[in-house]
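A.B. asks: Okay, here's the structure, questions in a sec.
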Amino acid sequence: MTATVRNYSLTGDEATRSIERGLAEAEWYQSPVDPATLARLHERTNGRAAVDAVLWVGLLVGSAWLAWTLRSSWWAIPVFAVYGLLYGGSADARWHEYGHATGFRSEWANKILYYPACFMLLREPTAWRWSHIRHHSDTIIVGRDPEIVFPRPFARATWVANLLGLVGVPSMVKRIVRHAGGRLDPAVASYVPEPEQSKVVREARIFLALLAVVVLWAVLTLSLWPLVFIGLPTFYGAWLVLFFGTTQHAGLPEDVLDHRLNSRTVRMNPVFRFLYLNMNYHIEHHMYPTVPYRNLPALHREIGSDLPEPTTSTIAAYREIFAAAKAQQADPNYQLPRVTAFAEAHGITTPSSGSAGSSASAGSVASPPDGSVQINGSNHSTAPVTAATDPVEQLVVDGGGWVTVCPSAELGPGEVRRFDANGATFALCRTADRRIYAVDGICTHSRRVHLAGGAVIGGELECPKHNGRFDLISGAPTRLPVCEGIATCEASEIEGQVRVRVGS
């Protein structure tokens, strides 16, 4: 049997089909977490992030110094291997965490480290930020996800070549050159909003200028050493990016709306977890992207009973991946037995277990929801969307438009709760200084995500899907991808009760 090759392009027929099937910007299943527990898991500190960042930078600089010192000795080879591992490999985890703004509590600290990590990997900052936003919106949805690294059937030669960055890195350089010339790659243009596209061009020109300086330095000094330390490590360190990245989703179902099926949690040793910043807890990260890396093990302990058993080791993960790849060469719809068993046990319909073209969530999704509209080429619901784990009981509104939501004692610092009234849905939250705020409950970016699962960061509320933020006083957007504000409501505490004025 010859496997049918799907079109993984973001501008092909699969992209159109995924929208028609209701898979684009859809609602995903989340394992339930108590609001007070989630508030603790959302806590971010500069101290722990600084320790990890200083250790990484220290190892990077130290290995560079030692490699230079030993440059005339064969001992330089293993030291350069370590340098490449930290530069072109472990920078991936830093790019990822700082891009989510969950590394440090301070946004400026995340930004300061995000841009160097981008350059180490030759990933254009704005383009890759929006690429990753799409990855979280449409994880392993064919035609939508720009970060699928293990398409079916498995291209073994390409995967092996990418261990040295021989496919991925040149394609990124080519894209940088194209963008520097003012022409956006069609795939990039499909997920980067038009107002942001000028940034892509500007950043590409900066990256190209920096690379040109390194090349000129090498030419003027008649030496390859500048390139060995800047530029080439992106190639010879790329194997670590692929080594870790392949374990995330490879061999698992495509076109499902449940991260328990299309993502993999792997038990890893402390060294791997430092290099990878705990992204081995990958189901947990996709369910709750607002939880910082240091709290992912705790999140796993909280929701682990609702997830598949973690893969016992990296070696075990690769055994599973390559077994799936071999079977999918002949049958692209092949599913791992453990995935099938988990789906059946939880009543989840998957593309190969249901009718052709079905998809998975807490139930299957076959078409766009009623009332959906086209926004930037994606389906968005115009009606309030409920979260699977939240109640939808309509609270009683009095004659003055006020509703009693909960006792004050039940809303702790950092907590966010959902409540529904007058046919609308809201998010109620308390900041660290114990002030309370109430806002419209649906994120204006995806229009499919309830803000009740989000994090309170200072005086802002962070969306639980893409880390966009809103000012709690004005409702104004304060962090991309959010571009449109949300409505705010008057909230007060009266006689030990939290009351919100929602109007008539």
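Nothing in this text is a laboratory measurement; each read-out follows from the coordinates by a stated rule. From a predicted model like this one, the values you see are computed outputs, not experimental measurements. Methodologically, a virtual Cβ is constructed for each residue, glycine included, from the backbone with ideal geometry; neighbour enumeration extends over all protein chains shown.
A.B. asks: Compute the Rg to Rh ratio over the range 394-501 from the alpha carbon atoms, using the Kirkwood formula for Rh, and round to two decimal places. It would help to have the intermediate numbers written out before the result.
C.D. replies: On the way: Rg = 12.9 Å, Rh = 13.6 Å.
My calculation puts Rg/Rh at 0.95.
A.B. asks: With θ set to phi - 60°, apply the Karplus curve 6.51 cos²θ - 1.76 cosθ + 1.60 along the range 422-436 and write out the HN-Hα couplings as whole Hz, x wherever there is a Gly or Pro.
C.D. replies: Couplings: 6, x, 10, 10, 9, 10, 10, 9, 10, 7, 4, 8, 6, 6, 10 Hz.
A.B. asks: Taking the number of other C-beta atoms within 10 Å as the exposure measure, put R144, R267 in order starting with the fewest. All intermediate terms of the calculation are to be shown ahead of the outcome.
C.D. replies: Details: R144 27, R267 17.
If I rank by nearby Cβ atoms, fewest first, I get R267, R144.
A.B. asks: If you don't mind, another one. Give me, ordered by chain and number, the residues 5 or more places off T265 or on other chains with an amide H under 5 Å from its own placed amide H.
C.D. replies: The list, which skips near neighbours in sequence, is H282, I283, T311.
A.B. asks: Pairing the Cα long axis of helix 314-330 with the longest principal axis of the chain, what angle in degrees results, from 0 to 90 and rounded to the nearest 10?
C.D. replies: The two axes meet at around 90 degrees.
A.B. asks: Please list, in order along the range 222-238, the HN-Hα scalar couplings obtained from phi with the Karplus expression 6.51 cos²θ - 1.76 cosθ + 1.60 (θ = phi - 60°), rounded to whole Hz, x for Gly and Pro.
C.D. replies: Each residue of the range 222-238 in turn: 6, 9, 8, 4, x, 6, 5, 8, 9, x, 5, x, 4, 7, 7, x, 5 Hz.
A.B. asks: How would you classify the chain from its alpha-carbon gyration tensor, with a ≥ b ≥ c the square roots of the eigenvalues: rounded for a/c under 1.5, else prolate if a/b is greater than b/c, otherwise oblate?
C.D. replies: Values: a/c = 1.77, a/b = 1.42, b/c = 1.25.
Judged from the Cα gyration tensor, the chain comes out prolate (a/c at least 1.5, a/b above b/c).
A.B. asks: Would you list I112, I442 from fewest to most Cβ contacts within 10 Å?
C.D. replies: Numbers: I112 13, I442 26.
If I rank by nearby Cβ atoms, fewest first, I get I112, I442.
A.B. asks: Search the structure for amide H atoms under 5 Å from the amide H of R479, placed 1.01 Å from N in the peptide plane, and list their residues when 5 or more places away or on another chain.
C.D. replies: R469
A.B. asks: Each residue of the range 69-81 in turn: what ³J(HN,Hα) in whole Hz from Karplus with 6.51, -1.76, 1.60 and θ = phi - 60°, glycine and Pro shown as x?
C.D. replies: Those phi angles translate into 5, 9, 4, 8, 10, 5, 5, 5, 4, x, 5, 5, 4 Hz.
A.B. asks: Using a 7 Å offset from the Cα along the Cα-to-Cβ direction at both E484 and V214, what is the distance between the two label points in nm, to one decimal?
C.D. replies: Each label point is offset 7 Å from its Cα along the Cβ direction, giving 4.1 nm.
A.B. asks: For each of S305, S90, count neighbouring Cβ atoms within 10 Å of the residue's Cβ, then give the residues from fewest to most.
C.D. replies: Working: S305 7, S90 24.
The order, fewest Cβ neighbours first, is S305, S90.
A.B. asks: Now for a separate question. With a Förster radius of 30 Å, plug the Cβ-Cβ distance of E493 and V51 into 1/(1 + (r/R0)^6) and report the FRET value to the nearest 0.05. The partial results should precede the final answer.
C.D. replies: Values: r = 38 Å, r/R0 = 1.27.
For E493 and V51, the calculated efficiency is 0.20.
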